[in-house]
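Colleague: Below you will find the structure I want to go over with you.
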Amino acid sequence: MARCLVTGGAGFIGSHLTERLLGQGHSVTVLDDLSTGQRDNLQGVESHPNFKLRIGSITDPVLLNDVVRGIDVIYHLAAAVGVKLVADDPVRTIETNIYPTEVLLRLAVQGGQKFFLASTSEVYGKNFKEQWTEEDDLQFGATTRPRWAYGCSKAIDEFLALAYYRKYGLNVAIGRFFNVVGPRQVGHYGMVIPRFVDQALSGGPVVVYDDGGQVRCFGHVREIVDVVTRLMDTPAAFGQVFNIGSDQPVSIKELAEQVIARVDPKIEINYIPYGKAYGDDFEDIRRRVPDLTKLKSTLSYSPSLPLGSILDEIIAWKKSQ
Ligand code: UDP
């Protein structure tokens, strides 16, 4: 049994990871300030004897020092996330995503903890390649466009983590998440599937930004947390960066059509320009598809649940709310 710390454990991915770790017989301390995470996400585990919730901010170094004491594995998921939140509040994005990661990495070197760093496919920026491998270039836009603050801040986290691996031998693995979806994800911060499902369930229209030709791959959170826990049990993963997600591309227009077909075929699609959704200084990423070769060869596993099953599950969950 390992004693685990999950920062951001009340969030969408963090709460699923917490459940998985407890199910595997580990103990879990969650650190979360409940800003984008919700206590309700932890409803199923709050009375578990091996579970502890610490409500507080990862920007508080004294608190961090306290929560890592006695911990064996740190899963660092706390971050400012969501395209909408990042576009609205770039200061918070930068402050939450950079300095606390450095403090935690330092503490892990001192305490000898294993470390998982949650990163993001946003670090590739707007690289125009068909499929992105971990060694591909990061291509950000201008600093006047707040969106890139998110990818840039997580790229700095990655640089820090890799530097701590090289300099101090920290056992750290980095995962770049690609559009993780599933029950408990909310649409307030921009995430497309919960938004489409909410819109469809309330009679439409489903609102697609731009022409809907932009492409994404959606991975189920259950399979994503599977990958994360497996990586921490794999010594070959340390000092490495991994794409984590599905590699089955779908356009946002097709996604809207699939949601509509499942809820009510009479619902219409409304196309609006990006400027109306995020402001005029917004820039989107046209295509985002991971190359999962490295993940597959390291773990002999990668997420494979088809989008149709994922949508069925999310729609059923939303209806049950
Ligand atoms: N999107 C959309 N309608 C929405 C929310 C998002 O058409 O209500 C589009 C968005 O422009 C993007 C894609 O769906 O091209 C995925 O958006 P999300 O914010 O979920 O993830 P990311 O942009 O980080 O891939």
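The values are calculated or read from the model by the stated rules, or taken from the named source; none is laboratory data. These numbers come from a predicted model, not from an experiment. When we count neighbours, we look across all protein chains shown, and the Cβ atoms used for this are built from the backbone with ideal geometry, even at glycine. With ligands, DNA and RNA removed, areas are computed over all heavy atoms of the protein, side chains included. Shrake-Rupley method; radii C 1.70, N 1.55, O 1.52, S 1.80 Å.
Colleague: Rounded to the nearest angstrom and ordered from largest down, what semi-axes does the equivalent ellipsoid of segment 101-191 get from its C-alpha gyration tensor (root of 5λ)?
Modeller: 25, 17, 13
Colleague: Quick one: pull the percentage of alpha-carbon pairs in segment 1-95 with a separation above 15 Å.
Modeller: Percentage above 15 Å: 57.
Colleague: Any number yet on Rg/Rh for the chain, C-alpha, Kirkwood?
Modeller: Using only Cα positions, Rg/Rh for the chain is 0.95.
Colleague: For segment 107-189, what does the relative contact order come out to in percent, with C-alpha contacts under 8 Å and a separation of six or more?
Modeller: The normalised contact order for segment 107-189 reaches 41 percent.
Colleague: Now for a separate question. Once the whole set of protein chains is in place, how much accessible area is left on T59, using a 1.4 Å probe, in Å² to the nearest 10?
Modeller: 70
Colleague: Which net charge results for the neighbourhood of T18, defined as the other residues with beta-carbon distances under 12 angstrom from its beta-carbon, given Lys and Arg at +1 and Asp and Glu at -1?
Modeller: 0
Colleague: Report, to the nearest whole %, how much of the accessible area of segment 64-207 belongs to carbon and sulfur atoms, 1.4 Å probe, protein only.
Modeller: That share works out to 52 percent.
Colleague: For n ≥ 4 DSSP H runs only, could you compute -39500 (n - 2.57) per run for the chain, divide by its residues and tell me the 222 nm figure to the nearest 500?
Modeller: The helix contribution divided over the chain gives -12000 deg cm²/dmol.
Colleague: Where does each of E257, E135, E313 land when they are ordered by accessible area, with a 1.4 Å probe and the largest first?
Modeller: Solvent-accessible surface, decreasing: E135, E257, E313.
Colleague: Mind grabbing the accessible area of T36 for me, 1.4 Å probe, Å², rounded to tens?
Modeller: 40
Colleague: Can you list which of the trypsin sites (Lys or Arg not before Pro) found in segment 114-153 are DSSP loop residues with at most 15 other C-beta atoms within 10 Å?
Modeller: K129
Colleague: Still on this structure, I have one more. Assuming a viscosity of 1.567 mPa s and a temperature of 4 °C, what translational diffusion coefficient in µm² per second does Stokes-Einstein assign to segment 191-321, Rh being the Kirkwood radius over Cα pairs?
Modeller: D = 79 µm²/s.
Colleague: Measure up K266/K318; K114/K318; K294/K319 against 26 Å on the Cα-Cα distance and list the ones that go over.
Modeller: Over 26 Å apart, Cα to Cα: K114/K318; K294/K319.
Colleague: Something else about it: Could you please report the charge total around V259, scoring K, R as +1 and D, E as -1 over all other residues with beta-carbon less than 12 angstrom from its beta-carbon?
Modeller: Neighbourhood net charge equals -1.
Colleague: Ignoring ligands, DNA and RNA, please state the percent of accessible area on segment 234-282 from carbon and sulfur, probe 1.4 Å.
Modeller: Roughly 49 percent of what the probe reaches on segment 234-282 is carbon or sulfur.
Colleague: Compute the FRET efficiency between L138 and H48 as 1/(1 + (r/R0)^6), taking r as their Cβ-Cβ distance and R0 = 35 Å, and round to the nearest 0.05.
Modeller: Computed FRET efficiency for L138 and H48: 0.35.
Colleague: Rounded, prolate or oblate: which fits segment 143-195, taking a ≥ b ≥ c as square roots of the Cα gyration tensor eigenvalues, rounded meaning a/c under 1.5, else prolate when a/b beats b/c?
Modeller: Cα axes put segment 143-195 in the oblate bin.
Colleague: Solvent-accessible area per residue for the chain at a 1.4 Å probe radius, Å²?
Modeller: Here the residues of the chain average 42 Å² of exposed surface.
Colleague: A further question follows. Just the accessible area for V215, please: 1.4 Å probe, Å², rounded to the nearest 10?
Modeller: 20
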